[in-house]
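Here is the structure we will look at.
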Amino acid sequence: MTHRRGPAFWAQLTFTLLVCALLVVPVVLSMLAGVTVNYFVGIKSGLTLKWVDEVWRLYAETIGLSMQIAFACLACTLLLGVPAAYVLARKQGAVARAIEELLVMPVAVPGLATALALIVTYGGFGDFRRSWLFILAGHVLFTLPFMVRSVLAVLHSIDFATLEEGAASLGAGFIQRFVHVVLPNCLSGILAGSLMVLTLSMGEFNLTWLLHTPLTKTLPVGLADSYASMRLEIGSAYTLVFFVMIVPSLILLQILAGRGRPRSEQ
Amino acid sequence: MSGSFHLDAVPVRLRRCAKTFHGGVRALEPLDLDIRGGETVVFLGPSGCGKTTTLRILAGLERPDEGGRVFYGEDDVTALPIERRNVGMVFQSYALFPNMSVAENVAYGLRVRGVPKAERRERAEEMLAMMHIADLAGRRIDQLSGGQRQRVALARALVVRPRVLLLDEPLTALDAKLRDSLRLEIDRLLRALGITAIYVTHDQAEAMALGDRIVVMSKGRVAQVGTPREIYHRPADAFVADFIGTMNRLPAVAQDGRLLLGRGELPWSGPQGRIEVLVRPEDVALTASGGHVDARIAATVFLGDRTRVVAETADGLTLTVDAPGRTDLARGDAVSLGFDPARLLTLPE
């Protein structure tokens, strides 16, 4: 196919590339800054992993805590969210639909407000307030709707009630039906929801900034801290570490979302 | 096609089974029904007539209202949910599990019953061979055609040797030609297995072809229970007469051993007075002259094996008449309609 492209095509391409550059260049520069010996001298000062090393020395704990909170948050949202989505999908009434709508509330309310509410309500329980579980509670509150919605979308797209009746007719009790039939068939929703929860919990700043104590700093809080009080190169190296941790899960999320679509059309 | 596979013929009884849904909607009026062991009973009716509700009560997917009882043989299974009734069920949408292969779907009932893996595979393969789909064992469900899915669903329902086989509009989702061939196959299968089968459909041709007896339902009530011939030739009421096949309904006057049909008359020994007589299109003789009533052709539809003719009498009565396929008539032609008094029906008042 030899097809001569007109000037409009080249104009559009140029514009698109410019927009891409506008978005990508700062990211690349920031990451580059993290491996540059001296950012103010520029790239000619040489490349180094010294800053990444420094970040690891200073902030390894925040990275560890972020991972710990993210996976604990995932466990909580799986245990609470999947059954909740199942119950919501089974119930036909207006109450269930209203709850479904209310589920987006924690997303709509600013994280700071949610965090303040948590502090006002539970701040008095000192041990809880000081432990990482306090941040976990905030994260679960924030990410649970994403898990429920993701699973609910798959459940609505398959006729799981009839599938369950089919399993029941073959002698399967409730637990068997749930484990053999319901769970495997909403796996794509559970996976997508899980990646979403992990990614959101990892990057959550608004809530966490208010909920954390000096001893319970997470990665994004540490990042803000390092930009505020450290060399620019350290903050940038920190960003690089954050990227390396979060980008694979984002890519996986996109792949899963792409795979989920054609299946749900059937 | 069944080989040595044969199942027990368990009779099924319904006693005073009614169903009222939330909000007081009565889906089923109290129903008593005896289904003999090994019999195929078809529930037939338009949508919303209560046939699916009845099937779901029989299956254990719904509980009848207080006082209703369901018996499989001598066992009162009313309180048992479907998973403890040992039934086989085929759903309109097949309800095959997309997360399992064909073989795993068929073996699922055995897996739930704790049958060892080797025996499970053997029995599933035997069942797939019986349904002529042995080569599909490893396929995923979304790689199957509608007809293949239907066979898998039947194999899956039968492998557990159910006491009763329940089929909920199993052919509705298929195209006409496939429906006809699968209908014949299901018919042969049910006879060969000797299983008690309960089949729900809104398609009268399917009901006629498959049912030892047909239960015609309307608005939550049983309109008539009978063999296909009884239902067709001796409908119990106007609903059954209209719902099954095509029926001409003609106003007539019967007196002194004569039946007056417009200007025509014929000998009559049935009920007297102003009555309505019913006659099937194939029971009216279409001749050039010498019949009982003169008429003109209003329309003809050539159907290959027969020609369906709409005739209008001088008195304004319209009749649908079936003539042989080679009959060559045109709109406006004069004809004479002949009736056999033995084939005229009247409905009980």
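If you line up the long axis of helix B:146-158 against the longest principal axis of chain B, both from Cα atoms, how many degrees apart are they, to the nearest 10?
Long axis of B:146-158 versus the principal axis of chain B: about 60 degrees.
Could you please state, rounded to a whole Å, how far the C-alpha centre of segment B:108-185 is from the C-alpha centre of segment B:71-97?
So the two Cα centres are separated by 16 Å.
Apply the Karplus curve 6.51 cos²θ - 1.76 cosθ + 1.60, θ = phi - 60°, to the phi angles in segment B:126-138 and return the couplings in whole Hz, x for Gly and Pro.
Karplus values, whole Hz, x for Gly and Pro: 4, 5, 5, 5, 4, 8, 6, 10, 4, 6, 9, 3, x.
Among the lysines, which fall within straight-line cross-link reach of A:Lys50, defined as a Cα-Cα distance under 24 Å, with same-chain neighbours fewer than 8 residues apart omitted?
Leaving aside lysines fewer than 8 places away in the same chain, those within reach of A:Lys50 are A:Lys217.
Within 10 Å of each candidate Cβ there may be at most 16 other Cβ atoms; applying that plus a DSSP loop requirement, which chymotrypsin sites (Phe, Trp or Tyr not before Pro) in segment A:19-63 survive?
When the chymotrypsin sites (Phe, Trp or Tyr not before Pro) of segment A:19-63 are filtered for loop state and at most 16 Cβ neighbours within 10 Å, A:Phe40 remain.
Measure nothing but the geometry: give the 0 to 90° angle between the long axis through the Cα atoms of B:176-193 and the longest principal axis through the Cα atoms of chain B, rounded to 10°.
60 degrees
Angle check, please: helix B:102-112 long axis (alpha carbons) against the longest principal axis of chain B (alpha carbons), in degrees 0 to 90, nearest 10.
Once rounded, the angle reads 70 degrees.
Ordering B:Glu265, B:Glu122, B:Glu74, B:Glu66 by how much accessible area each has at a 1.4 Å probe, largest first, what is the list?
Largest accessible area first, the list is B:Glu66, B:Glu74, B:Glu122, B:Glu265.
Mind checking segment B:266-338 for trypsin sites (Lys or Arg not before Pro) that DSSP puts in a loop (not H, G, I, E or B) and that have at most 15 other Cβ atoms within 10 Å?
Qualifying residues, ordered by number: B:Arg326, B:Arg331.
Which helices of chain A meet both criteria: a Cα extent of 30 Å or more along the helical axis and a mean Kyte-Doolittle score no lower than 1.0, with helices taken as whole DSSP H segments?
The answer, listed by residue number, is A:7-34, A:132-157.
Amide H of B:Asp65 versus every other amide H placed in the peptide plane: which residues, excluding those fewer than 5 positions away on the same chain, fall under 5 Å?
B:Ala18, B:Lys19, B:Thr20
When the Karplus curve 6.51 cos²θ - 1.76 cosθ + 1.60 is applied with θ = phi - 60°, which whole-Hz ³J(HN,Hα) does each residue of segment B:221-228 get, with x for Gly and Pro?
Values per residue, Gly and Pro as x: 10, 7, 7, 6, 10, x, 5, x Hz.
Mind checking which lysines have their C-alpha under 24 Å from B:Lys51, skipping anything on the same chain fewer than 8 residues away?
Within the straight-line cut-off, B:Lys51 pairs with B:Lys19, B:Lys219.
Counting only DSSP beta bridges with both residues in chain B, tell me the antiparallel percent, nearest 5.
75 percent
Please compute the alpha carbon radius of gyration of chain B, then divide it by the globular-protein estimate 2.2 N^0.38 Å. Two decimals is fine.
1.21
Given only helices, namely DSSP H runs of n ≥ 4 each adding -39500 (n - 2.57), what is the per-residue ellipticity at 222 nm of the protein assembly as shown, to the nearest 500 deg cm²/dmol?
-15000 deg cm²/dmol
How many percent of all Cα-Cα pairs in segment B:1-145 sit more than 26 Å apart?
Everything past 26 Å amounts to 39 percent.
Quick one: order B:Asp256, B:Asp333, B:Asp34, A:Asp53 from most to least accessible surface, probe 1.4 Å.
Sorted descending by solvent-accessible area, the residues read B:Asp256, A:Asp53, B:Asp34, B:Asp333.
What is the average number of partner chain Cβ atoms found within 10 Å of a Cβ in A:158-165?
4
Give the ranking of B:Lys19, B:Lys117 by solvent-accessible surface, highest area first, calculated with a 1.4 Å probe.
B:Lys117, B:Lys19
How many partner chain Cβ atoms sit within 10 Å of a residue's Cβ in peptide B:93-100, on average, as a whole number?
Mean shielding by partner chains, rounded to a whole number: 6.
Would you kindly state the longest site-free stretch of chain A, with sites defined as trypsin sites (Lys or Arg not before Pro) in a DSSP loop (not H, G, I, E, B) surrounded by at most 13 other Cβ atoms within 10 Å?
A:92-266
Whole angstrom only: what separates the Cα centroid of segment A:70-123 from the Cα centroid of segment B:265-305?
72 Å
Could you tell me how many cubic angstrom of Cα convex hull volume the protein assembly as shown has per residue?
291 Å³
The values are calculated or read from the model by the stated rules, or taken from the named source; none is laboratory data. Because the structure is a prediction, the values reported are computed rather than measured. Cβ atoms come from the backbone with ideal geometry, glycine included; neighbour counts cover every protein chain shown. Side chains included, ligands, DNA and RNA excluded: accessible areas come from the protein's heavy atoms. Shrake-Rupley method; radii C 1.70, N 1.55, O 1.52, S 1.80 Å.
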